[in-house]
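Participant: Before I ask anything, here is the structure I am working with.
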Amino acid sequence: MNILTVNFRLSIWCFVLCTIFAALGANAQSEIVIDDETIDASTLVYDGIDVSNYQKDIDWRATAKDKNIKFVYVKATEGANHKQHRYVYNIENARKHGIKVGSYHFFRTTSSVESQFRNFISIVKPEDQDLVPLIDVETRKGWSGEQLADSVKLFADMLEDYYGCKPMIYTGASFYNSFLSRTLKGYKLFIARYSKSEPRLNDAKWTLWQFSERGRIAGIDHYVDLSRFNKGCGLKDILIKNNMTGNRKQRNVMGEVRDVPPPRKVDVDEKPEVPMSAKQRERMKKEQEKAEKEAKKRAEKEAKEKKKEQDRIKKQREEQEKRQREQLKKQQKEQQEKLKQEQERKDRLERERQERMEKERKEKLKKEQQEKDERARKQAEQQKRIEELEKKKAADEKKRASEKQKAALAEKYNKTSANQQNVNKGKKINQSSADND
């Protein structure tokens with residue numbers, strides 16, 4: 001089984017689990033449903049992004065060059081205590097490079113509304129905001145839908161009193177329809193649905209749609225959520241109204257704050273002074289103790305589930321690392337085998353080359369020897385012909401000498417015969433003639 005098959009099966013498994021948890025709605029850490037496969041947003045139009053510590057260090061100079069990005073929501077806080085340590089860096093640098101910025105809070109059911117409100121306003125300064133605050137609501141763990149909706153509404157009212165504008169609600173389409181629609185009707189909605197089809201809400205119109213969680217943006221090394229406005233909606237719908245007219249705090253290059261009226265304050269600890277009887281105080285004390293015990297139980301249960309989830313993630317990561325190691329080992333083995341085969345091929349070709357060269361060398365030597373033998377044979381034949389010619393010449397000369405001698409003897413004989421004939425005839429012969437000898 002290859003890695004692509006494993007990843008595909010894991011994706012299907014995660015999709016099924018998310019759907020089941022959304023239907024049960026009680027124990028899931030996040031109840032936003034991913035309706036469809038994540039779409040490739042590289043060729044799509046988007047209007048804004050949201051970032052958190054997950055994106056790590058962002059080069060906002062490069063990010064601001066993306067003309068699609070009209071705004072960015074930066075995660076500021078979560079629950080009663082967590083603060084994002086990159087929040088100030090992201091807010092200041094995004095604004096510095098001309099991007100409209102806003103802040104969001106991840107709402108937890110394990111902390112009181114008041115403590116979460118204090119946590120948010122402790123770092124989210126009104127003078128640093130271009131966009132209305134955003135409340136991220138994804139879980140109702142331990143609470144009924146009514147408790148969750150009422151608590152989010154209370155939190156939204158506190159933010160509106162403090163920042164002077166209605167916040168926007170971020171959640172999933174099915175989550176909103178199931179738990180928030182009646183109580184939070186009238187608020188601007190930022191809906192997450194990773195699908196090719198737009199979100200559908202029972203009784204409201206969404207302002208923003210987060211359609212992908214796997215965007216690739218210049219200046220950011222990790223995946224980024226991509227969002228777009230609904231038809232008829234735009235940046236004006238999420239801007240803080242006072243900030244549109246310029247009535248806001250501005251920071252100069254030295255970081256000093258210019259004079260602007262401070263935001264309206266809310267005393268979150270203020271309670272109505274109503275006389276209570278001893279019985280009421282006792283009942284309230286018992287309810288408080290009960291609430292604390294339940295909160296403690298929920299916290300313990302959440303801690304156990306969190307540990308269980310961490311163990312599951314750890315185990316899954318270990319299995320993935322094991323598969324990756326096995327895959328790497330397999331690839332290395334295949335690479336070594338490939339190198340071995342390549343080396344064997346080279347060795348075989350080298351042997352064939354050596355054998356071919358040796359054969360050519362032997363054939364060349366054989367040919368040279370044959371040529372040498374042929375030259376020797378020709379030389380021997382030529383020498384033989386020369387010797388035969390010399391013998392023939394000597395024989396011819398001897399023959400000529402013999403014939404010459406015979407001729408001389410014949411001539412001498414002929415002369416002697418002539419003198420003798422004259423003597424016989426009584427003639428006088430020349431005594432000095434050589435023939436007389």
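Participant: Among the candidates Phe175, Phe117, single out the residue that is within 30 Å of Lys293 (Cβ to Cβ), of a type in the set (A, V, I, L, M, F, W, C), at pLDDT 95 or above and crowded, with 20+ Cβ neighbours inside 10 Å. Don't jump to the end; show me each part of the working.
Facilitator: Working: Phe175 fails: at pLDDT 95 or above.
Selected residue: Phe117, the only one of Phe175, Phe117 that is within 30 Å of Lys293 (Cβ to Cβ), of a type in the set (A, V, I, L, M, F, W, C), at pLDDT 95 or above and crowded, with 20+ Cβ neighbours inside 10 Å.
Here's the yes/no breakdown for (1) at pLDDT 50 or above; (2) β-branched (Val, Ile, Thr); (3) under 30 Å from Ala94 (Cβ atoms); (4) under 35 Å from the mean Cα position of the chain (by Cα):
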| residue | (1), (2), (3), (4) |
| --- | --- |
| Asn247 | no, no, yes, no |
| Gly255 | no, no, yes, no |
| Pro275 | no, no, no, no |
| Ala278 | yes, no, no, no |
| Glu300 | yes, no, no, no |
| Arg317 | yes, no, no, yes |
| Lys329 | yes, no, no, yes |
| Glu337 | yes, no, no, yes |
| Glu344 | yes, no, no, yes |
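Participant: State all residues of the range 208-232 that are in a loop (DSSP other than H, G, I, E, B) and either within 15 Å of the chain's Cα centre (by Cα) or crowded, with 21+ Cβ neighbours inside 10 Å (or both); if no residue qualifies, say none.
Facilitator: Initial filter on the range 208-232 (in a loop (DSSP other than H, G, I, E, B)): 216-223, 230-232.
Answer for the range 208-232, where residues must be in a loop (DSSP other than H, G, I, E, B) and either within 15 Å of the chain's Cα centre (by Cα) or crowded, with 21+ Cβ neighbours inside 10 Å (or both): Arg216, Ile217, Ala218, Ile220, Asp221, His222, Tyr223.
Participant: Next question, about the same structure. Look at the range 208-236 and say how many of its residues are over 24 Å from Lys196 (Cβ atoms) and acidic (Asp, Glu).
Facilitator: 1
Participant: Now, a different point. What pairs come up if the first residue lies in the range 305-325 and is in contact (Cβ under 8 Å) with a residue 40 or more places away in the chain and closer than 28 Å to Gly142 by Cβ, the second is surrounded by 11 or more Cβ atoms within 10 Å (Cβ to Cβ) and not β-branched (Val, Ile, Thr), and their beta carbons are under 7 Å apart, counting only those six or more places apart or on different chains?
Facilitator: Glu309/Gln29
Participant: Kindly indicate whether Lys100 is modelled with pLDDT of 95 or more and crowded, with 19+ Cβ neighbours inside 10 Å.
Facilitator: Yes, satisfied.
Participant: Do we have any residue at all in the range 140-159 that's in contact with a Gly (Cβ under 8 Å, 6 or more places away or on another chain) and surrounded by 19 or more Cβ atoms within 10 Å (Cβ to Cβ)?
Facilitator: Yes, there is a match, as at least one residue in the range 140-159 is in contact with a Gly (Cβ under 8 Å, 6 or more places away or on another chain) and surrounded by 19 or more Cβ atoms within 10 Å (Cβ to Cβ).
Participant: For the range 49-160, which strands (runs of 3 or more DSSP E) that fit wholly inside it have 2 or more residues that are of a type in the set (D, E, K, R)? Reasoning before the result, please.
Facilitator: Values: elements: 71-78, 100-106, 134-136.
Filter on the range 49-160 gives 71-78.
The values are calculated or read from the model by the stated rules, or taken from the named source; none is laboratory data. Remember, predicted model here, so these are calculated numbers, not experimental data. Cβ coordinates were reconstructed from backbone atoms using ideal geometry, including for glycine residues, and neighbour counts include every protein chain displayed.
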